[in-house]
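The values are calculated or read from the model by the stated rules, or taken from the named source; none is laboratory data. These numbers come from a predicted model, not from an experiment. Here the Cβ positions follow ideal geometry from the backbone for every residue, glycine too, while neighbour counts run over all protein chains shown. SASA here: full protein model, heavy atoms, side chains in, ligands and nucleic acids out. Shrake-Rupley method; radii C 1.70, N 1.55, O 1.52, S 1.80 Å.
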Amino acid sequence: MGLLSVGKIKMAIITLTTDFGTADGYVGAMKGVILSLAPNAAIIDISHDVLPQDVRHGARLLATAVPHFPAGAVHVAVVDPGVGGARRGIALRTSLGTFVGPDNGLFTPFLRARVACVALTNPATHRHPVSATFHGRDVFAPVAAHLINGFPLAGLGPAVDDPIALFEPVPIRLPDGQLRAEIVHVDRFGNLVTNVGPLEWAELDPDAIRVVVGGVSLAVHRFYGAVAPGAILALVGSSGHLEIAVREGSAAERLGLGVGATVEVWGV
Amino acid sequence: MGLLSVGKIKMAIITLTTDFGTADGYVGAMKGVILSLAPNAAIIDISHDVLPQDVRHGARLLATAVPHFPAGAVHVAVVDPGVGGARRGIALRTSLGTFVGPDNGLFTPFLRARVACVALTNPATHRHPVSATFHGRDVFAPVAAHLINGFPLAGLGPAVDDPIALFEPVPIRLPDGQLRAEIVHVDRFGNLVTNVGPLEWAELDPDAIRVVVGGVSLAVHRFYGAVAPGAILALVGSSGHLEIAVREGSAAERLGLGVGATVEVWGV
Amino acid sequence: MGLLSVGKIKMAIITLTTDFGTADGYVGAMKGVILSLAPNAAIIDISHDVLPQDVRHGARLLATAVPHFPAGAVHVAVVDPGVGGARRGIALRTSLGTFVGPDNGLFTPFLRARVACVALTNPATHRHPVSATFHGRDVFAPVAAHLINGFPLAGLGPAVDDPIALFEPVPIRLPDGQLRAEIVHVDRFGNLVTNVGPLEWAELDPDAIRVVVGGVSLAVHRFYGAVAPGAILALVGSSGHLEIAVREGSAAERLGLGVGATVEVWGV
């Protein structure tokens, strides 16, 4: 045949997650830098729609997507209000993948899986001149390309022992027995994602709780179709977190609630 | 040289079409699942901007894009308000390509080209645990990866003889001689796409009709530049359908019309 | 091992830049046409969010992204209000890459790097029938695929000696000593990008100027973090142009200014 089997070729994956949008050419510039250094990189867009400068949103988005990638992938993420200032750039190797970006908490969900972490100080792995406002193009993109080309993590710069972690709000057990939780994300469909997740389910039975939010009391259902179109429900979403949803509608609109709003979980 | 010729390597194409947007990480999760199972998949984004839960919009979008892909491509599409309930997941093989997604009419434009169709019931081809709200990640993405890895369609589950088809509004010939059509899509430019298409042109000469819509009567032109900037015109669009457009402007805004509005076609 | 080294496989890059958005399937259709003709093309999205029919915006976006790509890449760009009319389609080879799209000024930033330019008149390199409204699918996409397949540029059509260039506003030195500049782009973060760029810096020291815009007078700082959160500043952005920004905010909102607004640069 002379044809190569697809299965024998191993592409090196670099994913991109930014708050750049795609109307400005910044993402394109990063892709060009990567492909100039690593022509066979498979560049995968995760998102360029992180809310502008919202590091917490970026961290949550990465937590949703990254664990499903091969551990050999390199994930470049740029939500970087501190660019050009004192904040470090880092490369973080974990059992779930390798991350490259600013040390501002963006990689919080992965710090527990940390294997190694270095600061990006080796100028030989950057693009020059390094702009003070666009490390995505001049530092993070070339570092990721070098990594998939086989450049050693330890060669990028000195070890970092204290990468920055975001404070994550956790549900609190109150004296009256309720678990006081909160909404931590609103998705495109208007689903309200809470901070009641896998850790809490170890002690809670979804089938034996009531969820009180925005003045309504809800049972937990298995899927949207368990209630009538337009009805509100609670369910355990695909990330394992308690969510409030409206079947074929938007819970955010229905309840007028957003990130930070209180959700009460009561045993029945 | 030692270099491989590009032309000899055959990548396996998986396209993605969803209503997920890219601000939530859901699309990224699907890409990760695919690449974990099929590291050499060439993942091609068709759209993640299907209107939320608008199956008809998704079907129309697929009809615009898919026929231009190689027939060997696998097209994953997720517009899935019924996820987790009774609706089936299907893999549909057609002469135009293979489709994987919910059986809710999303693949209506391709049912006439059907070669085989199966329900996705083989748990060995899914990701576990299967979330009740995210079959895109846990069923459709892994099934697509298995297909491009050579897993046989028939192994995914039992044959389906009655995949769901959406009702498509067709133009009606009224006693007064007019063809009563309607607007079925508004594109980004504000062009109003009607349901007068290739079937109707078999009996109609675009050069010999008048189009009456929103109180104006229009001749059919060949391209936007045939009228002055800002002028309204009718033309046969790139999908072969009658469209109403404004040169360098938006017909939707000009006429205040959208999907479902009536368009009259009269012989001259 | 039997595994192929990644480094030895050379993918052929085609980038896409359009004003199509991704809600209509037009971009998907172009990708399908490319992959049908060149199955191993690495298709890279630069942007589909060019403002509708805004050729100047498209040119600026290309100028931001393209110079970072390998020179062997083929860049398809479609912002094409004149499609189907008298405007030519062109393929433009430059030292920075090869461009395929309408001859309407979209490639202005690259004309100075021109090596060759031809009109796209060879029907054997187009998809048929050629729609009068979608040359992106029927002319530009197939031409790009043929180019990366090795088809010679000269075979696409006759040489073009006068590709269209957009007028680019340049800063003007007024008798009172000020450099009268203007805002030429507003990015996603609300940064106001001016037309004071590398040419002007040859005669100006950023550290020795004041920037007067919207009634405020600003010094030039090196990066956002040099001022307090919420403060307004001037800086030299990543493209080398003078920008007005608000740290962790939007200068466009703060000042109520957009493209075309006047910026005064004064020596100190």
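How many partner chain Cβ atoms sit within 10 Å of a residue's Cβ in peptide C:81-88, on average, as a whole number?
4
With each pseudo-label sitting 7 Å past Cα toward Cβ, what's the residue A:63-residue A:180 distance in nm, one decimal?
In this crude label model, residue A:63 to residue A:180 measures out at 2.0 nm.
Size of the dipole of the range B:136-233 about the Cα centre, Lys and Arg at +1 and Asp and Glu at -1 on the beta carbon, nothing else charged, in debye to 20? If you can, show how the numbers build up before the last one.
Working: 6 positive and 11 negative charges, 73 e Å.
Here the size comes out at about 360 debye.
Have a look at A:25, A:42, A:163 and report the one farthest towards the positive end of the charge dipole of chain A, computed about the Cα centre with Cβ charges (Lys/Arg +1, Asp/Glu -1).
A:42
Binning every alpha carbon pair distance of chain B at 10 Å from zero, what are the percents per bin?
7, 27, 27, 20, 14, 4, 0, 0
Enter the per residue convex hull volume of the range A:211-268, computed from alpha-carbon coordinates, in Å³ rounded to the nearest integer.
90 Å³
Could you tell me how far the Cα centroid of the range C:192-254 sits from the Cα centroid of the range B:201-222, in Å?
So the two Cα centres are separated by 53 Å.
What list of whole percents do you get for P(r) of the range A:123-189, with Cα-Cα distances grouped in 10 Å bins up to the one holding the largest distance?
Pairs per bin, as whole percents: 16, 25, 22, 20, 13, 5.
Can you give the Kirkwood hydrodynamic radius for the protein assembly as shown, in Å, rounded to one decimal and based on Cα pairs?
On the way: mean 1/r = 0.0355 Å⁻¹.
Computed over the protein assembly as shown, the radius equals 28.1 Å.
Please report the carbon-and-sulfur percent of the accessible area for the range B:124-268; probe 1.4 Å, protein heavy atoms only, DNA, RNA and ligands left out.
Its accessible area is 56 percent carbon and sulfur atoms.
In what order, largest first, do B:79, A:227 sit by accessible area if the probe radius is 1.4 Å?
A:227, B:79
Of all the C-alpha pairs in the range C:72-152, what % are more than 22 Å from each other?
Pairs farther apart than 22 Å: 16 percent.
Over the heavy atoms of residue A:200, what accessible area does a 1.4 Å probe trace out, to the nearest 10 Å²?
The accessible area comes out at roughly 40 Å².
With a point put 7 Å past each Cα toward its Cβ, work out how far residue B:124 is from residue C:113 in nm, to one decimal.
5.3 nm
Rounded to the nearest 20 debye, what is the charge dipole size of chain A about its Cα centre when +1 sits on each Lys and Arg Cβ and -1 on each Asp and Glu Cβ?
Value, rounded to 20: 740 debye.
Summarise the partner chain shielding of C:70-80 as one whole number: the mean count of Cβ atoms from other chains within 10 Å of each residue's Cβ.
Across the residues of C:70-80, the mean count of other-chain Cβ atoms within 10 Å is 1.
Take every residue in peptide A:224-236, count the Cβ atoms of other chains within 10 Å of its Cβ, and give the average of those counts.
Mean shielding by partner chains, rounded to a whole number: 2.
Where the centre of each part is set by its Cα atoms, how far does the range B:77-136 sit from the range A:56-103, in angstrom?
For the range B:77-136 versus the range A:56-103, the Cα centre distance is 33 Å.
For the range C:98-164, give the magnitude of the charge dipole about the Cα centre (Cβ charges: +1 Lys/Arg, -1 Asp/Glu; no others), in debye to the nearest 20.
The calculated dipole for the range C:98-164 is roughly 160 debye.
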